[in-house]
1. Across the range 1-14, what is the total count of residues that are open to solvent by less than 90 Å² (accessible area, probe 1.4 Å), within 16 Å of ALA51 (Cα to Cα) and part of a loop (DSSP other than H, G, I, E, B)?
2. Of all residues in the range 1-26, count the ones that are on the phi < 0 side of the Ramachandran plot and without any contact (Cβ under 8 Å) to a residue 40 or more places away in the chain.
3. Out of ASP18, ASP6, which single residue is over 21 Å from the mean Cα position of the chain (by Cα) and at pLDDT 85 or above?
4. Can you tell me which residues in the range 50-73 are over 26 Å from MET1 (Cβ atoms) and either part of a strand (DSSP E or B) or modelled with pLDDT of 85 or more (or both)?
5. Every residue in the range 59-79 that is over 30 Å from PRO25 (Cβ atoms), loosely packed, with under 10 Cβ neighbours inside 10 Å and not aliphatic (A, V, I, L, M), please.
6. Identify all residues within the range 35-49 that are surrounded by 10 or more Cβ atoms within 10 Å (Cβ to Cβ) and either under 17 Å from the mean Cα position of the chain (by Cα) or part of a helix (DSSP H, G or I) (or both); write none if there are none.
Amino acid sequence: MQHELDALESNETWSLVDLPPGKCPIGCKWVFKAKHKPYVTIDRYKARLVAKGYTQTEGIEYFETFSPVVKITTIRFILSLASAKGWILHQLDVNNAFLHDDLDE
């Protein structure tokens with residue numbers, strides 16, 4: 001949990017501001033997950049602090065959403081291209097990912 005809080009703070013994820021009149025703050029909760037090695041042994045534990053965004057109303061509290069996902073066809077294409085070209089592939093586990101942009105909401 002401390003590692004997650006340190007990452008949020010070092011990335012300047014938020015700044016404290018006064019709550020607008022008539023608005024309620026959005027809550028948050030901790031989500032815990034065990035990351036496994038092959039053969040079911042536990043490698044490490046991860047903790048994420050997530051906002052309870054389901055309490056927001058589209059068009060009032062927010063206007064756009066962003067979810068970085070990749071289609072399975074894109075993964076298959078990259079794998080087949082790497083195989084055809086003889087490229088070496090490496091796996092990368094991203095520890096923290098943030099959208100670095102100013103939000104108006």
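1. Summing the residues that are open to solvent by less than 90 Å² (accessible area, probe 1.4 Å), within 16 Å of ALA51 (Cα to Cα) and part of a loop (DSSP other than H, G, I, E, B) in the range 1-14 gives 1.
2. 16
3. ASP18
4. The answer is GLU58, TYR62, LYS71, ILE72, THR73.
5. LYS71, THR73
6. Scanning the range 35-49 gives LYS35, TYR45, LYS46, ALA47, ARG48, LEU49.
The values are calculated or read from the model by the stated rules, or taken from the named source; none is laboratory data. Worth saying up front: this structure is predicted, and the values here are computed from it rather than measured. When we count neighbours, we look across all protein chains shown, and the Cβ atoms used for this are built from the backbone with ideal geometry, even at glycine. Accessible surface is based on the protein model in full, side chains and every heavy atom, while ligands, DNA and RNA are left aside. Shrake-Rupley method; radii C 1.70, N 1.55, O 1.52, S 1.80 Å.
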